[in-house]
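Input: a single structure, listed below in structure tokens.
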Amino acid sequence: MGNWVVNHWLAVLCLVAWLGLNVFLFVHTFLKYEKDDKYYYTREILGTALAVARASAFCLNFNSMLILIPVCRNLLSFLRGSFCSRTLRKSLDHNLTFHKLVAYMICIFTAIHIIAHLFNFERYSRSHHVTTITLASVLSSLHHDKEGGFWLNPIASPDMTVLYVTFTTIAGLSGVIITIALILMVTSSMEFIRRHYFELFWYTHHLFIIYMVCLWIHGLGGIVRSQTEKSMNESHPHKCAQSFEKWDDHDPDCKEPQFEGHPPESWKWTLAPFALYIFERFLLRFYRSQQKVVITKVVMHPSKVLELQMKKRGFSMEVGQYIFVNCPSISFLEWHPFTLTSAPEEDFFSIHIRAAGDWTENLIRVFEQQNSLIPRIEVDGPFGTASEDVFQYEVAVLVGAGIGVTPFASILKSIWFKLQHSDHKLKTQKAGHVALNFDKATDILTGLKQKTFFGRPMWDNEFSTIATTHPKSVVGVFLCGPLTLAKSLRKCCHQYSSLDPRKVQFYFNQENF
């Protein structure tokens, strides 16, 4: 763990800062609503649940602001390709992990917010059913029968139910929609759903638009209220709260308090990142989709793997990058990510598509059945990944499982081109690679004659050998494969890295897209 912290210190720092900001926002907001005099009367009905609900709401706004930034792929690709150091690039590789952590935090604070408001509504309702006259009961009956809206309790009468208020107010109804959208997005993001029913995950995840819009309007109606400034000057609660029975006597020193709601604030937190995401996800993607893609070659490989070789004006790539592909004849809306398997030195770019769901099966079927008419393909990208850094290491170990070998086809091809042209900038002196073992003279993806065999290596032996052979090297370990394999490789990278920074160091890099 210590070695991981050293290698990923910036990611750890960002994580600690994020957690610290959540704690600060929660505590600061909690104390504000628990101590501020203008919420004195509101606390008289609701108690501490008011502060808990508002503190969790502020943290929800903060995390909803962050949730879209890690998936702004154009922004991340720009940062990766500009002035970023290796440390910063490795931190950017954790973008999806951070996206998930923020989502979990949103779920936690949503649960806290809902539970707090359940207590609030129960106390709003209970204040109407007390048998004696109390400050809470008097506050609950204020001004509901008058114009001006200076009420405090959203439940206007003992006959009004919590369920009625929930589904007849903007705040209540939008809160229900937000919760349902969040539940659907989180449950459809489970590993099993994403891998076997990607289309379900893809469509359900776009409920984030409904989530954001409902979040913006959730504060309309001002259900959580405070005493107005004018009323505070005329009738401060510290002076007048105990004489609430005389409010109706028009006492000039202690008039009836007046209350107001607050305008929605969520949009102030989330509008900018939402606009950025919409711009690059929809507007920029639409612009790129209008650029013509020419399919120069279609190859059907064994095991239902489709290879598409394409050309696009102005297209420029680096090793290990990926693109999003759309086929309008199958679906106008669905865009799916595929790793580029061509090398930057080639005059085309290519992808390999394995049948792994309805969309990919339909795409393969369309190309199998086409005669002279090739279906139109739209391409967005390319986008950067961890594999871009492969040539920054003296020794590189590339590990791919199944179709996960595709990112490394681009790398192996590029190495071959660089060696052919005696590229002196190439730092990599040795590359361990996994290729497909079909009965052909050359590898099906890379075209190289050198091939290895399938099978899970003994990772301890492999890492021990590399550490012994390269005692003073920086070794980059790159994986495109399942999480179980990632855990094994990450453990080996930590275990076989020397405590002495001048000796062998293993850096683990995993593909995430």
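A few remarks follow.
- C-alpha long axis of helix 170-187 to longest principal axis of the chain, angle in °: 30
- Take Leu271: with every protein chain present and a 1.4 Å probe, its accessible area is about 80 Å².
- Inter-label distance, nm, simple model (7 Å from Cα along the C-beta direction), Ser157/Thr465: 8.4
- Measuring nothing but protein heavy atoms, the accessible surface of the chain at 1.4 Å probe radius is 62 percent carbon and sulfur.
- For Met300, the solvent-accessible surface computed with a 1.4 Å probe is close to 80 Å², ligands and nucleic acids excluded.
- Here the convex hull built on the C-alpha positions of region 315-361 has a volume of 85 cubic angstrom per residue.
- In the chain, helical runs assigned H by DSSP with n ≥ 4 each contribute -39500 (n - 2.57); averaged across all residues and rounded to the nearest 500, the mean residue ellipticity at 222 nm is -14500 deg cm²/dmol.
- Counting only Cβ charges, +1 for Lys and Arg and -1 for Asp and Glu, the dipole size of the chain around its Cα centre is about 2180 debye.
- For region 144-230, the residue among Ile170, Ile155, Ile217 whose Cα projects farthest onto the positive side of the dipole built from Cβ charges is Ile217.
- Rounded accessible area of Glu229 (nearest 10 Å², 1.4 Å probe): 120
- Per residue, the accessible area of the chain comes to 51 Å², computed with a 1.4 Å probe over protein heavy atoms only.
- Region 277-426 - convex hull of alpha carbons, volume per residue in Å³: 133
- With eigenvalues of the C-alpha gyration tensor scaled by 5 and rooted, region 45-131, Å: 42, 9, 9
- Between Leu31 and Thr169, full extension at 0.36 nm per residue minus the direct alpha carbon distance yields a gain of 46.9 nm.
- Whole-number percent relative contact order across region 156-254, with pairs defined as alpha carbons under 8 Å at least 6 apart: 28
- When the chain is reduced to its Cα atoms, the Kirkwood hydrodynamic radius in Å: 26.9
- Magnitude of the charge dipole for region 288-396, about its Cα centre and with charges confined to Cβ atoms of Lys, Arg (+1) and Asp, Glu (-1), is about 540 debye.
- The order of Asp389, Asp500 by accessible area, most exposed first and with a 1.4 Å probe, is Asp500, Asp389.
- Region 18-88: mean projected area of Cα convex hull, nm²: 6.3
The values are calculated or read from the model by the stated rules, or taken from the named source; none is laboratory data. Keep in mind that what you see is a predicted model, and the values were worked out from it rather than measured. Here Cβ is always computed from backbone atoms with ideal geometry, including for glycine, and neighbour counts include all displayed protein chains. Heavy atoms of the whole protein, side chains included, go into the accessibility calculation; ligands, DNA and RNA do not. Shrake-Rupley method; radii C 1.70, N 1.55, O 1.52, S 1.80 Å.
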